[in-house]
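Q: The following block contains the structure, expressed as structure tokens.
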Amino acid sequence: MTDTSTSTAAPPDSADTQPGAVPIVDYLVLGDQPHLIAHECTKCSARYFDHRNACASCFGTEFTDVDVPTTGTLRTYTIVSFAAPGVPVPFVAGVIDCDGTHVRGNVINTDPTPENITLGMPLRLATYVVGTDDNGVEAIGFGFEPDTSGNGEAV
Ligand SMILES: [Zn+2]
């Protein structure tokens, strides 16, 4: 197996802190190292991305924000072939296990074909521009792309 990392289509590296960029979800933190934050229950450590008034597991009401690892493995996925008008298909909707925290996100920057997507494949967080409003403010979304930095063979 030779290293074929001659990527001619490198993703535009536009992540350097632009004042005119907003994340499309409030648990995505932009900046030099974009990452996700979760609300962690202080009693049972259950993690949530949306706002909760009480923990679904233990009914605790105190949460603390924690950083979610930006790398993980693909736990389950669906190749979506039909979507609302304007949504490019097919795409891969997955659940990524980021060191125990399950994150819903799309697998991006790879062909959405069964040959390319395997359960357990290493992934890393990646951001991209979803759209730009009339004022030039960019909306930034996130997905997970294949993490080839490990340099090791998958087992
Ligand atoms: Zn709890």
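Please treat every number below as a calculation from the coordinates, not as lab data. Values in this document were obtained by computation on a predicted structure and should not be read as measured data. Because the Cβ atoms are built from the backbone with ideal geometry, glycine has one as well, and the counts that use them run over all protein chains shown.
Q: Quick one: Cα centre-to-centre distance for region 78-104 and region 21-49, in angstrom?
A: 18
Q: Within region 78-155, which chymotrypsin sites (Phe, Trp or Tyr not before Pro) sit in a loop by DSSP and count at most 13 neighbouring Cβ atoms inside 10 Å?
A: Sparse-neighbourhood loop chymotrypsin sites (Phe, Trp or Tyr not before Pro): Phe82.
Q: Decide, for region 21-146, between rounded, prolate and oblate: order the square roots of the alpha carbon gyration tensor eigenvalues as a ≥ b ≥ c, take rounded if a/c falls under 1.5, and otherwise choose prolate if a/b is larger than b/c, else oblate.
A: Note, shape of region 21-146 comes out oblate.
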